[in-house]
Amino acid sequence: MFLRKIIIPLFSALFILSFLSAVADTGRDAATDPATALDRTRSVEDRLSAIRTMGQSGDERHSDPLLRMLRDTGENRRVRTGAVMALAESDRPRSQILEAYEEVYRDRKTGENLRYTILLSIGTLKATESQALLAEALSGDDDRIRFKAAQALGMIGSDDAVNLLVSRFEQEPDRMVRAEIVRALGRSESASVEGVLVRVLKTDPEPLVRYNAALSLVQFKSLGAEGREALSAAGEDPSPMVQRVGQEAGR
Amino acid sequence: MKKTALILILVSFVFASSEVLALQRGAILYHTSRGDTIYGRAAALELPCSAIQLAHREMKSGHVGLYIVNERIIHAVTPAVEETASVNFIPQSDLDEGCRYLGAKVPVGIDTWPAEQVDQLMLLAREQVGKPYDIQFRHQKGPDTFTCVGLVEYLYEQVGYDITPSGYYSGGAGGLTYTQTYNCESSLGLDWAGENAFAELVEFSSFEHPLADPLNVGMIHEAKRYMFFPYTQYTQATTVDVATDIPVSGGGTSGGDGDDCFIATAAYGTPLHPHLGLLREFRERYLRTTSAGRFFLSIYERYGPSLAALIDRSEILKGLTRIALLPVLGLCILILHTGPLPLIAFFVALCVLVVYQVRRRKSPQEV
């Protein structure tokens, strides 16, 4: 009696329930990447994994959900950061991506790490279209933002980007940003940059800045006589780090 | 007078007794993972790192971060390398599940390095912020993707210091070396399982796991899969322990977006307003480094967000808050430029004034 009325129905109910939950789980696992990425009941790690796959697929249909996540200010910050990187990887549709980047960057409530990722992604995309935004960031109040803007401009490496970096260098008060500008200039390897780097190596008061100027010059594929001479003189620099670069270049 | 003296002593005690041990730039912070493990360090064989955990990238491998300055760190987390307050180094959820802080280490002889060498480390660390986390552990040491341990290894190698000279891979064209070996044999279905020697072995990087192939995790070398674990780096003789008690947890979520100045951010409408930089600097230098300051912050962090949400909804409240913040900003500028003495003098003067007023009010009644 007890077995028939209680135990068997109880076990049957449990069996059906576990079967249903397994089916539901399978359904969740089989969900498409965009569905997983947008599903806020999922863990952030699962969503990030799906977002990454979406970016790697290069499928333009994925850009809509990615753009939606990026623009959603109520969305988890890590998810938004993941969307920024996935969009940079897919690179399509470029104008919409850059528009969304700019919109989110300009949102005053956007946090600093998300801004850094946006600036870096603009650099990754070599988006000359967004140079105005980078120019603005390069002259902003926050030295870390200026640093990232310099890095992104260096990745773009266009003539305009180089000009922006050179003119900013003259007025930049922060030595970390100055050093990053020098590194960014070094990446562009244009002939006009060599002269700037030589001047920095010879005259800048900051050892960190001179060190990076020397490192940049060393990496030039075709270095002019002026550059070689400056590197040779760097062997006598008061900074041991600059000295080392100069001496190694001399060998 | 006795009361005044007592208050004076209390104020002095609060400021004098609660200095945090400063930490030098470039120090490396370590913590264990959930369950107090940092692979190879566990006291006994561990089985709970299941395939599901591997699939969810919850490897029990602990975490590593690089100390920058003013209680800020740079560390590689999913989805990207970030710069954040040191309180975000150990998320509360990990602490709740048995994670433990292992302390800070620095390279041997870092004190003799030229200042620009450490500056260069800081510069390179800042350059990596925003780069993707390597969730497949295939390019842990960059230069385009990183894991927490790979990031620190990469940065130090870039300034000429190899923390793991005989281990993992040293980079260079075709110069991959795998001198550390540990084989975690797979059996019993989905769980990690191996010999008990697992716990005693210090050097390991090679691993086997039922899901490693399907997930394509780790670097492949001569048909073996390798990963670089924090413990491998943690045990190197190339670094030494340094004493510090900077706050490494209690930041709640792994935020780090600078919006922890809730009220001021709401008032100014942006986390990037220059006044916020001032308030943050004051917080990092004077509030986080004193017990009284930390007590204030704990209350602020509890009630600040709801107050900030309220301010955020009203333009009038925003304006009023900005006005109310002015004297606070003035005090911050004063202290940041002249040290904490004016603050102490201010408190003492306030206490004396209060006591004087109380005594003055009492005097006529007594007469």
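Each reported figure results from applying straightforward, stated rules to the coordinates on display, with no laboratory input. The structure displayed is predicted, hence computed values, not measured ones. In this analysis, Cβ positions are derived from the backbone assuming ideal geometry, glycine residues included, and neighbour counts consider all displayed protein chains.
What the phi angles of the stretch A:34-43 give under the Karplus curve with 6.51, -1.76 and 1.60, with θ = phi - 60°, is a coupling list of x, 5, 5, 4, 7, 7, 6, 7, 6, 6 Hz, glycine and proline written as x. If the segment from residue B:24 to residue B:317 were pulled out straight at 0.36 nm per residue, it would be longer than the present Cα-Cα gap by 101.4 nm. As a test of the formula, what do you get for chain A when each DSSP H run with n ≥ 4 contributes -39,500 (n - 2.57) and the sum is divided by the residue count, at 222 nm and rounded to the nearest 500 deg cm²/dmol? Estimated from H runs of four or more residues: -23000 deg cm²/dmol. With contacts taken as Cα pairs under 8 Å and at least 6 residues apart, the stretch A:120-231 reaches a relative contact order of 21 percent. In the stretch A:93-231, a dipole from Cβ-located charges (positive for Lys and Arg, negative for Asp and Glu) runs towards its positive end, and of A:220, A:198, A:145 it is A:220 whose Cα lies farthest in that direction. Calculated on the Cα set of the stretch B:66-119, radius of gyration then Dmax: 13.8, 41 Å. Across chain A, the mean sequence separation of Cα contacts (distance under 8 Å, 6 or more residues apart), normalised by length, yields a relative contact order of 9 percent. Value of Rg to Rh for chain A, rounded to two decimals, is 1.25; Kirkwood radius and Rg both from alpha-carbon coordinates.
For the stretch A:204-219, backbone phi angles converted through the Karplus equation (6.51, -1.76, 1.60; θ = phi - 60°) give residue-by-residue couplings of 5, x, 8, x, 4, 5, 5, 4, 6, 5, 5, 4, 5, 5, 4, 7 Hz, Gly and Pro being listed as x.
Which of the peptides A:129-136, B:74-81, B:347-354 is most tightly packed, and how do the rest follow, going by the mean number of other Cβ atoms within 10 Å of each residue?
My ranking of the peptides, most packed first, is B:74-81, A:129-136, B:347-354.
The mean number of partner chain beta-carbon atoms within 10 angstrom of a residue's beta-carbon across peptide A:121-129 is 1.
Averaged over A:202-209, how many beta carbons belonging to a partner chain fall within 10 Å of each residue's beta carbon?
Working: counts 0, 0, 0, 0, 2, 6, 9, 2.
That works out to 2 on average.
Between amide H atoms placed 1.01 Å from N, distances below 5 Å from residue B:225 occur with B:207, all of them 5 or more places distant or on a separate chain. Plainly put, the stretch B:285-361 has a radius of gyration that is 1.07 times its Kirkwood radius, both from alpha-carbon atoms, as the Rg/Rh ratio. Here the stretch A:146-209 was treated as a single set of alpha-carbon atoms; its pair distances binned every 10 Å from 0 give 25, 62, 13 percent.
Calculate the mean, over all residues of peptide B:131-138, of how many other protein chain Cβ atoms lie within 10 angstrom of the residue's Cβ.
Mean partner-chain Cβ count within 10 Å for B:131-138: 3.
In order along the stretch B:322-338, the phi-based Karplus estimate (6.51 cos²θ - 1.76 cosθ + 1.60, θ = phi - 60°) of 3J(HN,Hα) comes to 4, 5, 5, 6, 4, x, 5, 5, x, 5, 4, 4, 4, 5, 5, 8, 10 Hz; Gly and Pro are listed as x. Every Cα-Cα pair of the stretch A:137-243 was included, and the share exceeding 24 Å stands at 17 percent.
For the residue pairs A:126/B:105; A:126/B:318; A:109/B:105; B:131/B:318; A:148/A:202, the C-alpha atoms sit more than 29 angstrom apart in A:126/B:105; A:126/B:318; A:109/B:105; B:131/B:318. Taken over the Cα atoms of the stretch A:198-247, the convex hull encloses 57 Å³ per residue. As a calculated quantity, the FRET efficiency between residue B:303 and residue A:199 at R0 = 56 Å, using C-beta atoms, amounts to about 0.55. Taking the average, over residues, of other Cβ atoms within 10 Å as the packing measure, peptides A:140-150, A:52-62 rank A:140-150, A:52-62 from highest down.
Structural size metrics of the stretch B:303-347, computed from C-alpha coordinates, are Rg and Dmax of 13.9, 38 Å. Between residue A:160 and residue A:191, the contour length at 0.36 nm per residue exceeds the alpha carbon distance by 9.7 nm.
The ranking of A:237, B:241 by Cβ neighbour count inside 10 Å, starting from the fewest, reads B:241, A:237. Cα extents for the stretch B:97-165 along the principal axes, largest to smallest and rounded to whole angstrom: 36, 31, 23.
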